[in-house]
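A short write-up of the structure that comes next.
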Amino acid sequence: MHLNGPLLILAGAGSGKTRVIVHRIANLVNHGVSPWNILAVTFTNKAAGEMRKRVDALVPGKGSAVWVSTFHSFCAKLLRIEAKNIGLDPNFVIYDDGDQVALIKEILKEMLVSEKQFPPNQILSAINRAKDELLDAESYSIHAHAHSDPFRERVAAVYSTYQRKLKNSNALDFGDLIMKTVEAFRDKTELREKYQKRFRYLLVDEYQDTNHAQYLLTKYIAGPAKNICVVGDDDQSIYSWRGATIRNILEFERDYPGAKVVKLEQNYRSTSNILDAAGKLILNNEKRKPKTIWTANDPGDPLRFVEMMNEQEEARFVTEEIVQLKQDNGMALQDFAIFYRTNAQSRVFEDALRRHTIPYTIVGALRFYERAEIKDAVAYLRVVVNHKDSLSIKRIVNNPARGLGKNSLGLLEQYAATQGVSLWDAFKNVHAVSGVSPSARAGIKNFIDLVELFQQYAQKYGAATMVRRVLEETGYWDKWAQEAETDPEAAERLDNLQELINAAMDFENKAADLKPETMGETGVPAAPDHSLARFLQEVALMSDIDYWKDQGGTITLMTVHLAKGLEFPVVFVTGLEEGLFPIGDSAFDPEELEEERRLAYVAMTRAKTKLYLTASASRRIFGSPHMNIPSRFVEEAGIRSSSTPVSPYIDDAYSSHTTREKVSQDTDYDFNQDPDRAALPPTTPPPRVANWRVGQRVSHPDFGEGKILSVEGTGQNAKVQVFFMNGAKKKLLVKYAPLTPAD
């Protein structure tokens, strides 16, 4: 009901966040606000599509004129429309992660720099974070040299070349889409005021996940009127590694004085047992807005914490529990989800599910558009839209073979680099490049003729027809069709190429849903955009979760990061061990630890009726077994490792104590093996300390002073994990380790 002025909606897990956004939009329209003047932005195409559909249902005939979009889709559309006003070519292509890594590898090769010394993914991450902070290549270089950091200096050199190559290829990456839009609003008053007038009401979903560039983008659009409504949950801010800044939501009221704050604290998804445990967990975070999530739902089943012998046993337990629940309760496979902290953990669950012939779907595995044959086809299509895309040209110019060998291509690349032109321009001037073979010249002419013919087609045909004709007339379809009769892999590639055609047809069928995203000067929606260029933009801006569809009849496996926004009746949160969840060294950094705790909170609140937390006492890392202690998050959620229930959420049949006893009795595994043997001199009498506590400062004769990160057990039977001031992290059995209090 709040109409004008800034509004902060703190929407707890399962509180109806999407519902409140679409009803607010409908209320604005019903109060006379033109749909043309409303913009809603979110992070995934899936979320945007759901909002668009619901708004249209609430205000039929008007809702379709509301622009509901992702941040990146909004910026891509705006940049194409305003390209000539801000020095861009409107036919730019958008490079995805794979394209970016390929380009960085190319640059490192040109620089004669080892990829092992400077991993391309790390360089890409640094460049992406720089763009999140609105640091262009020149600004980043100044910062890098000011800090005398060799890695930053190398990144600065790559960043500069990377941007030059992007420009020569008429390409932008995801970071550019936001950064260039912000720069345009910052530098061009007339342009900024134009869109402030157009979008008088702005709604921002998942505001806790915005980075600095997105924060400024929304601030510029909101303008002096400040009719901005942001919806989010600081307890679910889990993307700092990709630039998200939790400060944006925590400091909203400082940025927008007088903002109204509405808290949505009733959860409609989960049982009260699940919510109580998740609530206890998140209370351990200091950087959060005070709120208490509650539900009118039944208490439901107790939570179950299970610590198994190793990761194989953990996977076996999860699989057998699913089979049992399915048999006893008549549940469907799509009711179950298995979450893990890292992708590497999925293998043992896949093995266990396959042994039971249970179908499953992995979200975030090799995506459809990352398959080699699909990337080849898309590369052809991108060159049709933008012939300056050198990366795509190199991928397909000799695929199928056209007589263009590595030597000739290398000469043309060298010519393009020295002349400062695109590879396409070098192809057009092949007569000026000496050393190129006659067969290569003929192949290049054939390639140029094909692309120019396709460019003519693109003026009159939609995306689906273009995909079909490009596949047929380049010979790429026939290349695989000839092998398909004897090679099952080739047949599968053909199926995937057919699916690409189907995807383009689906895009055309759904084009009517995209028509509100016109930026014309009138309020009249534009005609549906069936173009190849628009199809390629949609493909480029797909996120991992956008690829996932609830196919039915399969169990879902995914990392916790991808699970946000989803819900399942039964959830297994696995690998809850110190060093894995919370991951790595995050325990040493208060901010990182709070984010890991938020991630665990997100995982737990995906469950509707049943929640299982699992861990492994031993897990193989690089082939060697390592002993683990349960994650602190288990105890913080009110679940203690004990054979005696001390919490309403404990399930006695699978308590940590019982399972550890089974490990010691039924296996010959040496629990002293992992704790560092140098830390276990048997001749030194142990100190008489009744209890050790997390955070306590201790001293060791070999390792020096340190701090206890975690404790399992009490007295002389305690096992502690200590981070020492020399940088070492050790798991020690107090019974043998000469550990003494240092405070």
Inter-part gap, Cα centre of region 55-95 to Cα centre of region 217-240, in whole angstrom, is 19
Determine, for each peptide in 553-559, 693-699, the mean count of other beta carbons within 10 angstrom over its residues, then list the peptides with the highest first. 553-559, 693-699
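Would you list SER408, SER437 from the most to the least accessible area, probe 1.4 Å?
Details: SER408 10, SER437 35 Å².
Highest to lowest solvent-accessible surface, that is SER437, SER408.
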Helix 488-509: inclination vs the chain longest Cα principal axis, degrees, rounded to 10, gives 70
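Taking Cα pairs under 8 Å and at least six residues apart, what relative contact order does the chain come out at, in percent?
On the way: 1244 pairs, mean separation 115.4, N = 743.
This gives 16 percent for the chain.
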Hey, what angle do you get for helix 438-458 against the long axis of the chain, alpha-carbon based, 0 to 90 degrees rounded to 10? 90
Given pairs LYS77/LYS263; LYS197/LYS260; LYS84/LYS428; LYS105/LYS188; LYS17/LYS131; LYS53/LYS280 and cut-off 27 Å on Cα-Cα distance, the over-length ones are LYS77/LYS263; LYS105/LYS188; LYS17/LYS131; LYS53/LYS280
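Remind me, relative contact order of region 345-399 in percent, using alpha carbon pairs under 8 angstrom and six or more residues apart?
Values: 20 pairs, mean separation 11.2, N = 55.
The normalised contact order for region 345-399 reaches 20 percent.
Arrange the peptides 475-482, 84-91, 42-49, 60-67 so that the one whose residues have, on average, the most other Cβ atoms within 10 Å appears first.
On the way: 475-482: 16.4, 84-91: 12.9, 42-49: 21.1, 60-67: 18.2.
Top to bottom by mean Cβ count within 10 Å: 42-49, 60-67, 475-482, 84-91.
Rounded, prolate or oblate: which fits region 78-158, taking a ≥ b ≥ c as square roots of the Cα gyration tensor eigenvalues, rounded meaning a/c under 1.5, else prolate when a/b beats b/c?
On the way: a/c = 2.54, a/b = 1.51, b/c = 1.68.
Judged from the Cα gyration tensor, region 78-158 comes out oblate (a/c at least 1.5, b/c at or above a/b).
Looking at the chain, identify the longest residue range that excludes and avoids all GluC sites (Glu not before Pro) in DSSP loops having at most 12 other Cβ atoms within 10 Å.
Working: sites that count: GLU251, GLU286, GLU485, GLU521.
Formally, the longest exposed-site-free interval is 1-250.
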Helix-only mean residue ellipticity at 222 nm for the chain, each DSSP H run of n ≥ 4 adding -39500 (n - 2.57), per residue, nearest 500: -13500 deg cm²/dmol
Note to self: C-alpha centroids of region 592-623 and region 267-286 sit apart, in Å, by 14
Give the ranking of LYS289, LYS53, LYS219 by solvent-accessible surface, highest area first, calculated with a 1.4 Å probe. LYS53, LYS219, LYS289
To test your reading of the geometry: what angle, between 0 and 90 degrees and rounded to tens, separates the Cα axis of helix 71-81 from the longest principal axis of the chain? 10
State the percentage of accessible surface on the chain attributable to carbon and sulfur atoms; use a 1.4 Å probe and exclude ligands, DNA and RNA. 49
Please say if region 151-227 is rounded, prolate or oblate, where rounded means a/c under 1.5 for a ≥ b ≥ c the square roots of the C-alpha gyration tensor eigenvalues, and otherwise the choice is prolate for a/b larger than b/c and oblate otherwise? prolate
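Apply the a/c threshold of 1.5 to the C-alpha gyration tensor of region 320-476 and tell me whether it is rounded, prolate or oblate. Numbers along the way, then the final one.
Numbers: a/c = 3.75, a/b = 2.57, b/c = 1.46.
It comes out prolate by the Cα gyration axes.
Rounded to the nearest 5, what % of the DSSP beta bridges within the chain are antiparallel ones?
Details: 23 of 70 bridges.
Approximately 35 percent, going by the DSSP bridge assignments.
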How big is the accessible area of TRP241 in square angstrom, nearest 10, if you roll a 1.4 angstrom probe over the protein chains? 140
Spatial separation of Cα centroids for region 410-457 and region 336-386, in angstrom: 36
Average the reciprocal distances over every distinct pair of alpha-carbons in region 73-208, invert the result, and give the Kirkwood radius in Å. 16.2
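The values are calculated or read from the model by the stated rules, or taken from the named source; none is laboratory data. Here the structure is a predicted model, which means the values were calculated and not measured. With ideal geometry, Cβ positions are generated from the backbone for all residues, glycine too; neighbour counts draw on all protein chains shown. When the accessible area is computed, the model is the full protein with side chains, heavy atoms only, and any ligands, DNA or RNA have been set aside. Shrake-Rupley method; radii C 1.70, N 1.55, O 1.52, S 1.80 Å.
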